[in-house]
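Undergrad: The structure's right below; bear with me while I get my questions together.
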Amino acid sequence: MKIIVLTTVIPDLIEELEISPDGKSLDKTYLRYIPNELDDHALEEALLLKERHGGEVVVLALNIREETDEMLFAALAKGADKAVKINGDFEGIDNHAKAKILRKVLENFEFDLILTGVQTVEDIDGYVGPLLASYLAIPYVGVVSGVSYLKDTLLVKKELPGGLLTEMEVSIPCVLGIQAAENPPRYVAISRLRQMMRTAKLEEFQCEKEKNGKIEIKKVFKPEIAGKAEMIVGEPEEIVEKIVKILEEKGIIK
Amino acid sequence: METLILWIVFLVALFLFFRRIYILIRLLLLGKFENRFDNLSKRVIIFIRDIIIQIRHLREPLIGIAHFFIFWGFIILAIGFLNILIEGLFPPLSISFIAKNRYFLILQDLFIFLVLIGIILAAIRRYILKPPHLKSSFSATLILFLIFFILLSLALMEGFESVIEKEGVLSPIGSLLLNWFQNMDINTAKFWMNFSKWTHILLILFFLVYIPYTKHLHLIAAPFSVFFTSLKSTGILEKVELKEDERYGASEIKDFSWRDILNGYACTECGRCDRACPALASSDVLSPKEIISKLKDFMLENRRILLKGESKPLLGEKITKEELWACFTCFACQDWCPVRNEHLQLIIQMRRRLIEEGIMDKSLQDILINYSRYGNSFGQFERTRAKWTQDLEFKIKDARKEPVEFLWFVGDYASYDPRLQEKTRILAKVFNKCGIDFGILYEGERNSGNDVRRIGEEGLYEMLVEKNMEIMKKSQFKKIITTDPHTLHTIKNEYPYYTGDRWDVLHYTQVLWNALKNGTLKIQRSLNYKVTFHDPCYLGRYNNIYDEPRFILRALGLKVLEMPRSRRNSFCCGGGGGHIWMEEKEIKERPAEQRVKEAASLKNVQYLVIACPKDYIMFTDAIKSVGLEGKLLVKDIAELIYEAI
Amino acid sequence: MKGDIFVLVEHLKGEISDITFELLSCGKAIKEQTGGTLFAILLGHNLKSLIPDLGCADKVIYVDDENLSEFSPEAYKMVLVHLLREKDFLFFLVGNTSYGMDIASALAAELEVSCVVNCKDFRFEEDNFIFITQTHGGKILNEVSVPNKAVISILPGSFSAEEGKREGSPSIEEIKSPVSLSTLKVRFKRIIEPEITDVDISKQNILVSVGRGIQSKDNIPLVEELAQLLGGVVGSTRPVIDQGWLPLSRLIGRSGKAVKPKLYLALGISGALEHQEGMKGSELIIAVNTDPTAPIFDIAHYGVEKDLFEIVPLIVQRLKERKGS
């Protein structure tokens, strides 16, 4: 099976997020970027499929931040066969443009399956998975948490509300948006990662700028924390007393 | 004719013996080279202490004494045996002046008696007292019987010899037995003398051949395992330098060093390591003794293919990942081992390979990712590391910006854990009261890496060391203080391999005792509680610091009670080796729970005093789960000092 | 801006999902600014009986086809592209759900219109619609201006489902599929129900829920004890389920169950959006978390900035005492 995995880095949400002075985007100066967790799941699922059925796993990423390098080397260390860094001017890029760039780059690759995390924390104008599938004219199924390969088709488990799963048969080639891999993403020992960084090479592509979708982001801001919880303070015993009282008042306990 | 038979028997025995030894040596040489040939004079001293005088054995006094008798008995009896053998092989030679020497005979008889006492004590211990983890195996029983009959045959030889000699030099036993054999005629005596001599020789030759097939191989291997012991400070790990294709860690025999393999040969299966092990006390998954014997068994079972140069993994097949992850790295096993086996070297090397292959609990994986992204196990970002200082009335110096005398390496738990932050503030206040010039690294500090290293993530450890070194090299300080003994251990003993600097690193109890001793910290109030002190593994066994905490407690007026397992025998809280983050599986009773029960068993004790942040966490949780709340309270030494000043 | 508003009806196991009503209520609000007709598009097989529930819409377009009896993203996409291509629509509203996420962006790409996802709200300003979307785990809001036709994907819980529910008889246009659905590349096989060896948390009045803060499977019994004393049951967030510490049936959130108990006790839960979606309708939410910036505190009624291991045993103790006396 020839599998492509699309990955990206995203801002680490543990940081305090600041808005840039013009109010139209995030202030990226002190932001730390980390690999998108759902893309890690996509990579894990790809590696599992490779282990079961043989084939090749190629990881692609747009070089939007310097942290992309480490993410790609980690993918190689986990067992990906090739890692591709796509360079270009990505200032203000949205998912439509990203998908168009990816389509162009994918002309250089043969593939049966494209996996990517079903979403990132930055999606505004749609999701990369279904957009790319549209441009490539191949099917897309998202929120997938299990993929099996049976003789030219894939059987995927798609999550529905209420803990339900729906099983669907999907023709190859296709794009799948992964919600969860069958196993938690594997660990990369720092020593292996460093070794990769010393010895392995990333394939690089240069790409042209593509047009964004037709929306305009007018303002980016932080939500007012209106309706914040009433904090109960004091020593633990006091707090517990207050909680018990609240429960009594509401008739939850007698 | 007899000489010929003796020659044949002797040569056959030698052949069988050396053939086995040859295989064992070839297997040993499959291991990597390791330089244990330095500092010969120090090694000789250790050899004398542990093999000649056998000080280590006296930690278990009954068997320590018995073993001393048996050991020395062997040496003396061997001299006598050599005499008999040479006489038998080379009849013309007559070196019986050794064996006929009156003083030698007295010595020999004395040791026959002592060895007899020794094996009786050993038998009582093994079959009646039955200490845990000491098997009553076939080979152990056989050996005791062999020794008994070797002694008996020798005693009878002396008896019959006395009938033959009548006048001349007699041994004490000989004289004794002469009373019984008075009426024996000389020819009968000669016959039985010969019979006893042959029995004696055959038993000893059998014993010789039997040695390398059983745990008695330790007779040959233990002197080497002791001589080639690690001369480095207790429990330090050395920097790992790998060649291009080499992988971290060990999975096959050829990944281990010859000294690692020697562990298998030197092990006497005494069970001291098992008896001391907190993992074995809380679940059946890990036995340190089993790790060593599995190594040896694996090699012997697979010797044909291994000697051919084929690969076969020990890790996963014979030794499981569950066993390896169960270890707390408390060092009790290695500390107790009479032949200086190095259990932790084996465990950590195998852990390194597990890490490299990503085989670990997901909870542990998440912690490692936290370490690599944020430099701490809490997954909190670096900027909040010094948030605990905000509630202090004074400002702690920033060691990155101004020179200080003491650099206080605060540590993750003391900085980030909400349950511990107040105690860290108290320690800061106490330092302030001492008037010592100290500072911290604020956001520049990263986890020191001790536990990361014990988990086996060597690459991550090096990354943390590099980050810390960068900051520390830019700072000016004379000494380092640590809150956590884990931090103490690695910065003091292992960082020098990377930094080239040898810093003066102290635990806060040492600094505070100094302050109390020289009067810079004055006690205002005497505390009147009954307390007991838990020696942290990394303060006590790893760094030999036992007294300062106790001196402090007594100086505060506290009555210090000792738990049954204290000082070197301290029982680990179960938080080390990564366990404070792991899910516990198949546990009968957690080590921390066993320990707090041990503390609570002391009459009228009020406080369990600790000097390590992880101990605080483990013990307060344990007290809640065993229902000792209100009966026993965990207190940090700094808290008590603060109360008293 | 003028045009018609189209809403995709989401249904599962023969019932219309709440998100549809939320979309209808949103559609109604948009219509107030634009005029135009509010359409509901229902794709399925033998679902005529559902149409009366869509009274909020002006018109219902019902496409009946055997191949639409179960959801297939491809089938839906093909039908909708054909349908909408000829229509003069202003906005096509879908839910930001497992169904909607599959088709919204693809549809927009095929129809060459704009797309906005993760919408929470909208504003009408100077003849322009501004949609407010949520990103970065809820920490950031974006005002997105949409110049023309667009597919809008709306987060569940953003609009009131009640407002969108109305019995009625909208005019119905029942048609066959405009495109052949016989050779789909994405074919439904079956639905896998979760094992019902366990309680149905959505029917509980009291839920004690745990997140990453519970740290270990061994700590679950403590919380179960608390739940029992309160007469409730234990639920959890995704990370706990992923670790295998609780069965999937206890998952609360976008991929799990939506719950509205009288009491929702959130212990060690940060309050990620996917989870909030599942429980923010609860009557009384009390959250315990050591992190004061945790998003859970934005929707909780009461908050406690302490370690759950400090608080929970004390609550258990107090409740036991009260029961005793």
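The values are calculated or read from the model by the stated rules, or taken from the named source; none is laboratory data. As the structure is a prediction and not an experimental result, all values here were calculated from the model. Note: ideal-geometry Cβ built from the backbone for every residue, glycine included; neighbour counts use all protein chains shown.
Undergrad: Here's a check for you: in segment B:271-299, which residue that is of a type in the set (D, E, K, R) and in contact (Cβ under 8 Å) with a residue 40 or more places away in the chain is farthest from B:A222 (Cα to Cα)?
TA: B:D284
Undergrad: Go through segment A:201-232 and count every residue that is within 14 Å of chain C (Cβ to nearest Cβ) and of a type outside the set (V, I, T).
TA: So the count comes out to 18.
Here is a yes/no grid of residues against (1) buried (at least 22 other Cβ atoms within 10 Å of the Cβ); (2) out of contact with any helix residue (DSSP H, G or I) (no Cβ under 9 Å at 6 or more places or on another chain); (3) of a type in the set (V, I, T); (4) more than 22 Å from B:P485 (Cβ to Cβ):
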{"site": "B:C327", "(1), (2), (3), (4)": "yes, no, no, no"}
{"site": "B:F331", "(1), (2), (3), (4)": "no, no, no, no"}
{"site": "B:L344", "(1), (2), (3), (4)": "no, no, no, no"}
{"site": "B:R351", "(1), (2), (3), (4)": "yes, no, no, no"}
{"site": "B:M360", "(1), (2), (3), (4)": "yes, no, no, yes"}
{"site": "B:S363", "(1), (2), (3), (4)": "no, yes, no, yes"}
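Undergrad: Can you pull out the residues in segment A:56-89 that are assigned to a loop (DSSP other than H, G, I, E, B) and touching a strand residue (DSSP E or B) at 6+ places or on another chain (Cβ under 6 Å)?
TA: Within segment A:56-89, the first condition is being assigned to a loop (DSSP other than H, G, I, E, B), and the residues that meet it are A:63-66, A:79-81, A:88-89.
Hits for segment A:56-89 are A:N63, A:R65, A:A80, A:D81.
Undergrad: Right, something else. Select the strands (runs of 3 or more DSSP E) contained entirely in segment C:78-139, then report the ones holding at least 1 residues which are over 30 Å from C:S180 (Cα atoms).
TA: C:114-125, C:128-135
Undergrad: Would you confirm whether any residue within segment B:111-122 is out of contact with any Gly (no Cβ under 6 Å at 6 or more places or on another chain), at pLDDT 90 or above and not aliphatic (A, V, I, L, M)?
TA: Among the residues of segment B:111-122, at least one is out of contact with any Gly (no Cβ under 6 Å at 6 or more places or on another chain), at pLDDT 90 or above and not aliphatic (A, V, I, L, M), which makes the answer yes.
Undergrad: Moving on to the next point. Which one of the conditions (1) in contact (Cβ under 8 Å) with a residue 12 or more places away in the chain; (2) part of a loop (DSSP other than H, G, I, E, B) does B:D260 fail to meet, given that it meets all the rest?
TA: Every listed condition holds for B:D260 apart from (2).
Undergrad: Does A:S134 satisfy the condition of being within 14 Å of chain B (Cβ to nearest Cβ), among the hydroxyl-bearing types (S, T, Y) and either under 18 Å from C:V117 (Cα atoms) or crowded, with 22+ Cβ neighbours inside 10 Å (or both)?
TA: Criteria not met by A:S134.
So that you can scan it fast, the table gives a plain yes or no per residue for (1) closer than 14 Å to C:I41 by Cα; (2) surrounded by fewer than 21 Cβ atoms within 10 Å (Cβ to Cβ); (3) facing another protein chain (nearest Cβ under 7 Å):
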position	(1), (2), (3)
C:H82	yes, yes, no
C:L93	yes, no, no
C:M101	no, no, yes
C:V113	no, yes, no
C:E126	no, yes, no
C:F131	no, no, no
C:T135	no, no, yes
C:V146	no, no, yes
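Undergrad: Take C:S249 and tell me if it is at pLDDT below 85 and more than 30 Å from C:E66 (Cα to Cα).
TA: It is true that C:S249 is at pLDDT below 85 and more than 30 Å from C:E66 (Cα to Cα).
Undergrad: Pick from segment B:407-429 the residues that are in a loop (DSSP other than H, G, I, E, B) and out of contact with any Lys or Arg (no Cβ under 9 Å at 6 or more places or on another chain): which of them is nearest to the other protein chains (Cβ to nearest Cβ)?
TA: Only one residue tops the list, namely B:D417.
Undergrad: Could I ask something else about it? Only residues in segment C:179-196 that are closer than 21 Å to C:R85 by Cα count as the first member; pair them with residues that are modelled with pLDDT of 90 or more and of a type in the set (A, V, I, L, M), Cβ under 6 angstrom, at least 6 apart or cross-chain, and list the lot.
TA: Close Cβ pairs (under 6 Å, with a partner that is modelled with pLDDT of 90 or more and of a type in the set (A, V, I, L, M)) amount to C:V179/C:M78; C:L181/C:A75; C:L184/C:A75.
Undergrad: Restricting attention to segment B:435-442, does a residue exist that is touching a residue at least 40 places away in the same chain (Cβ under 8 Å), over 28 Å from the mean Cα position of the chain (by Cα) and assigned to a helix (DSSP H, G or I)?
TA: Yes, segment B:435-442 contains a residue that is touching a residue at least 40 places away in the same chain (Cβ under 8 Å), over 28 Å from the mean Cα position of the chain (by Cα) and assigned to a helix (DSSP H, G or I).
Here's the yes/no breakdown for (1) touching a residue at least 24 places away in the same chain (Cβ under 8 Å); (2) not hydrophobic (A, V, I, L, M, F, W, C):
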residue	(1), (2)
B:L93	no, no
B:R102	yes, yes
B:F111	yes, no
B:V115	yes, no
B:G118	yes, yes
B:F145	no, no
B:F148	yes, no
B:S162	no, yes
B:I173	yes, no
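Undergrad: Here is a list: C:F188, C:F122. Which entry is aromatic (F, W, Y), surrounded by 13 or more Cβ atoms within 10 Å (Cβ to Cβ) and at the interface with chain A (Cβ under 7 Å from one of its Cβ atoms)?
TA: C:F188
Undergrad: What is the one condition in (1) surrounded by 21 or more Cβ atoms within 10 Å (Cβ to Cβ); (2) at pLDDT below 95; (3) part of a helix (DSSP H, G or I) that A:G162 does not satisfy?
TA: All conditions pass for A:G162, except number (1).
Undergrad: Condition first: under 30 Å from B:L460 (Cα atoms) and either surrounded by 18 or more Cβ atoms within 10 Å (Cβ to Cβ) or in contact with a helix residue (DSSP H, G or I) (Cβ under 6 Å, 6 or more places away or on another chain) (or both). Now tell me which residues in segment A:195-246 satisfy that.
TA: Correct list: A:Q195, A:M196, A:M197, A:A200, A:L202.
Undergrad: Here's another thing I want to ask about it. For the subset of segment A:76-104 comprising residues that are β-branched (V, I, T) and modelled with pLDDT of 95 or more, which member is farthest from A:K50 (Cα to Cα)?
TA: Checked segment A:76-104; the qualifying residue farthest from A:K50 (Cα to Cα) is A:I101.
Undergrad: Being part of a loop (DSSP other than H, G, I, E, B), within 20 Å of C:I315 (Cβ to Cβ) and of a type in the set (G, A, S) is the filter here; which residues of segment C:278-296 pass it?
TA: C:S282, C:A294
Undergrad: Could you tell me whether segment A:93-104 includes any residue that is more than 9 Å from chain C (Cβ to nearest Cβ), in a loop (DSSP other than H, G, I, E, B) and either in contact with a Phe, Trp or Tyr (Cβ under 6 Å, 6 or more places away or on another chain) or closer than 21 Å to A:Q206 by Cβ (or both)?
TA: Looking through segment A:93-104, at least one residue is more than 9 Å from chain C (Cβ to nearest Cβ), in a loop (DSSP other than H, G, I, E, B) and either in contact with a Phe, Trp or Tyr (Cβ under 6 Å, 6 or more places away or on another chain) or closer than 21 Å to A:Q206 by Cβ (or both).
Undergrad: Are any residues in segment A:1-28 assigned to a loop (DSSP other than H, G, I, E, B), at pLDDT 90 or above and of a type in the set (A, V, I, L, M), and if so, which ones?
TA: Within segment A:1-28, just A:M1 meets the criteria.
Undergrad: Are any residues in segment B:620-632 away from chain C (no Cβ under 14 Å) and surrounded by 17 or more Cβ atoms within 10 Å (Cβ to Cβ), and if so, which ones?
TA: Within segment B:620-632, B:L632 is the sole residue that qualifies.
Undergrad: Scan segment B:371-398 residue by residue and report those that are within 14 Å of chain A (Cβ to nearest Cβ), among the aromatic types (F, W, Y) and not in a loop (DSSP other than H, G, I, E, B).
TA: Those that are within 14 Å of chain A (Cβ to nearest Cβ), among the aromatic types (F, W, Y) and not in a loop (DSSP other than H, G, I, E, B): B:Y371, B:Y374.
Undergrad: Take the residues of segment C:202-230 that are more than 21 Å from the chain's Cα centre (by Cα) and assigned to a loop (DSSP other than H, G, I, E, B): which is nearest to B:K585 (Cα to Cα)?
TA: So, considering only residues that are more than 21 Å from the chain's Cα centre (by Cα) and assigned to a loop (DSSP other than H, G, I, E, B), the one nearest to B:K585 (Cα to Cα) is C:S216.
Undergrad: With the condition kept exactly as written, say whether any residue in segment B:265-274 is farther than 22 Å from B:I51 by Cα, under 12 Å from the mean Cα position of the chain (by Cα) and crowded, with 24+ Cβ neighbours inside 10 Å.
TA: no
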